[in-house]
1. Checking the structure you have, find out if any residue of the stretch A:98-106 is within 12 Å of chain B (Cβ to nearest Cβ) and within 28 Å of A:Asn294 (Cβ to Cβ).
2. Would you tally the residues in the stretch A:300-338 being part of a helix (DSSP H, G or I) and either in contact (Cβ under 8 Å) with a residue 60 or more places away in the chain or within 22 Å of A:Lys129 (Cα to Cα) (or both)?
3. Restrict the check to the stretch A:201-208 and report whether at least one residue is out of contact with any Lys or Arg (no Cβ under 8 Å at 6 or more places or on another chain), without any contact (Cβ under 8 Å) to a residue 24 or more places away in the chain and either surrounded by fewer than 24 Cβ atoms within 10 Å (Cβ to Cβ) or more than 10 Å from chain B (Cβ to nearest Cβ) (or both).
4. Tell me yes or no: at least one residue of the stretch B:116-128 is closer than 20 Å to B:Ile205 by Cβ and small (Gly, Ala, Ser).
5. Among B:Leu51, B:Leu87, which is of a type in the set (A, V, I, L, M), in a helix (DSSP H, G or I) and within 30 Å of A:Asn31 (Cβ to Cβ)?
6. Filter the stretch B:228-241 for residues that are touching a Gly at 6+ places or on another chain (Cβ under 9 Å) and buried (at least 21 other Cβ atoms within 10 Å of the Cβ) and give the result.
7. Check every one of the strands (runs of 3 or more DSSP E) wholly within the stretch A:98-174 and list those with 1 or more residues that are touching a Gly at 6+ places or on another chain (Cβ under 7 Å).
8. Restricting attention to the stretch B:175-200, and to residues there that are in contact with an Asp or Glu (Cβ under 9 Å, 6 or more places away or on another chain) and either part of a loop (DSSP other than H, G, I, E, B) or within 14 Å of another protein chain (Cβ to nearest Cβ) (or both), which single residue is nearest to B:Phe222 (Cα to Cα)?
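Taken together, the values in this text are just the output of simple stated rules run on the coordinates, not laboratory data. Predicted, not measured: the structure shown is a model, and the values here were computed from it. Cβ placement follows ideal geometry from the backbone for every residue including glycine, while neighbour counts extend to all protein chains displayed.
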2 protein chains.
Amino acid sequence: MFSKKLKQLTPYTPGEQPQNRKYIKLNTNENPYPPSPEVKKYLDSVDTDTLKLYPDPGSQELRETIGNYFNLSSSMVFTGNGSDEVLSFCFYAFFDKDNGPLLFPEHSYSFYPVYCGFYDIPFKRIPMKSDLSISVDAYTVETDYSGIIFPNPNAPTGTYLETAEIEQFMKKVHSNRVVIIDEAYIDFGGKSAISLIDKFDNLLIVQTLSKSRSLAGLRVGFAMGNEILISALNTVKDSFNSYPLDKLAQNAAKLAIEDIDYFKENSSKIIKTREFTVKALKSMNWEVLPSMANFIFIRKKELSGKIVYETLKNKGLLVRYFGHKGIEDFVRVTIGKRKDMEFFLDLLNTTWGK
Amino acid sequence: MFSKKLKQLTPYTPGEQPQNRKYIKLNTNENPYPPSPEVKKYLDSVDTDTLKLYPDPGSQELRETIGNYFNLSSSMVFTGNGSDEVLSFCFYAFFDKDNGPLLFPEHSYSFYPVYCGFYDIPFKRIPMKSDLSISVDAYTVETDYSGIIFPNPNAPTGTYLETAEIEQFMKKVHSNRVVIIDEAYIDFGGKSAISLIDKFDNLLIVQTLSKSRSLAGLRVGFAMGNEILISALNTVKDSFNSYPLDKLAQNAAKLAIEDIDYFKENSSKIIKTREFTVKALKSMNWEVLPSMANFIFIRKKELSGKIVYETLKNKGLLVRYFGHKGIEDFVRVTIGKRKDMEFFLDLLNTTWGK
């Protein structure tokens, strides 16, 4: 009864969302602060009668708001049901087994190989530097590929490439192959590479409202790039589901993007808490990769990542453990509120000392 | 820069959603009544802080509510971002070019061939009876197919198959091929074939909250069937986007399903208005296909559907015109409130008389 494709799928496993017990959740990179108060005001007074009508299939107002924020025309913006859906559409539109494998970092967002499986796209994991940062040179030696994708900052490592490095990179890769920079975590100290899309027609930037805008529960993501790339994404959307963004999500996302001060304030608080946490961890002899994200990737000598994850879970705190070869010793820890991080640090200290 | 697949796509064209002028919209089968007042109460008091967290990826509570309503276990229910997304996942999971074409009615939901294009599934349009109803016999003579899909009531014709006819049909088709009944319009006088899913492991029923629950703006659809079919849909979802349903949509949909009295009252009002409209149209010498949906499919001798559509649009009323061969003379008219239909009937009368 099933398609051949189905039998070959290996689905993505999202981070745990346990319903049975209250945990301190530092495992899915959610924002510890609530979304903009404008979202609450909007929902408190929303005219639910309008929900009987279909939403705008093109999310025009939301795309204009995003365009205004980034100083782009709305025709250079595509919106979707979380950046996961946006990425899925990108994989369909731009990558193709006939053009060679898709390249992405050895340790990266684990949905990338899943999309490749879904659309039958071959891929090649590109080795990272010994410090687990992305090696630009390792891509530019490749000659045959259908495209490139990497997060910046990278997940789960947190390491970051400067815009100048990305510009050099873009000059060296094939101009007829799409390069996607997944900037889910860009607002925690990094600088978006959006300034490069005028220079490179093959560059697409993907962002989400799930992290820095505290709207993981609302599922809104977007892509920005040359109009021709955006138009391809619209063709894919309209061949899959004309209305992926509901009316409440479109309007709430718009208000969250417009509330710039609130967003900046929250992002700074998270950066500050990250710096505090990193300093404390180092003083306790944990290794912490340099992070520009709202999470850190850490390990301690002679401790396996699995033990750290399980021990903390038993004590009511969730972190993310991947267990992939080369990063088995690490766990990824989301930056929560200061008091969450203090609890986390205390736990580490009482369990493993310095 | 594009994949080969992309170049071959022909996207779906949704009904017009004009933003520039106020129309009486009888073109996209929306419900003229607002969603359940419980939806408003919920949104008025929703704790927006929880939107910072990811929603339940499995929509467990919503699936339980739907299961309770239909007297099924939640493991026999799958939810998605509108029945369009649910259908898209079904096409991926169950249909396959290696198993032969997908069969669907000659005149049917125009997204079906689009999904086939998206996933590279061959299809065969099965001829309808001369009265434009679905011919069950025309399917059972086919020997080689990967699956079957049809809406019941059918769109855009509105014609309906009784459960007993569907049961006979299911006995005759291959038991190792999935049959999907798209019941988007079942609540306007028809009876769901849900009682058959215990008898046929290969039967999947798809419904939506966009029509009878007045929630087109919220994008929630669902599928019901054997656990093995539902588990296949979960695999597809988790390989595409783990969280297709946002938190507000999950909770509001739950409340709308639970408010049974309100839903029944609205559906009866629409059925009554449909019967009123059909009677009036017939007295004005319009041909009306028998409809069990919240729309009717109509034509008048010596009038082209295109002229009817364009004339009404100029006068501020939108209906849907398809223009496909064999149904060029028809327009599809959504059943609105009584006063909308009176306006519509007056327009027809003053323009084309009896």
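1. Within the stretch A:98-106, one or more residues are within 12 Å of chain B (Cβ to nearest Cβ) and within 28 Å of A:Asn294 (Cβ to Cβ).
2. As a first pass, look at the stretch A:300-338 and keep what is part of a helix (DSSP H, G or I): A:305-314, A:338.
Okay, now just the ones that are also either in contact (Cβ under 8 Å) with a residue 60 or more places away in the chain or within 22 Å of A:Lys129 (Cα to Cα) (or both), so A:305, A:313, A:338.
Selection size over the stretch A:300-338: 3.
3. The answer is no, given that none of the residues of the stretch A:201-208 is out of contact with any Lys or Arg (no Cβ under 8 Å at 6 or more places or on another chain), without any contact (Cβ under 8 Å) to a residue 24 or more places away in the chain and either surrounded by fewer than 24 Cβ atoms within 10 Å (Cβ to Cβ) or more than 10 Å from chain B (Cβ to nearest Cβ) (or both).
4. Among the residues of the stretch B:116-128, not one is closer than 20 Å to B:Ile205 by Cβ and small (Gly, Ala, Ser), which makes the answer no.
5. Details: B:Leu87 fails: within 30 Å of A:Asn31 (Cβ to Cβ).
Just a single option satisfies the conditions, and that option is B:Leu51.
6. B:Leu233, B:Lys237, B:Ser239, B:Asn241
7. So the answer is A:102-105.
8. Filtering first and then ranking leaves B:Ser192.
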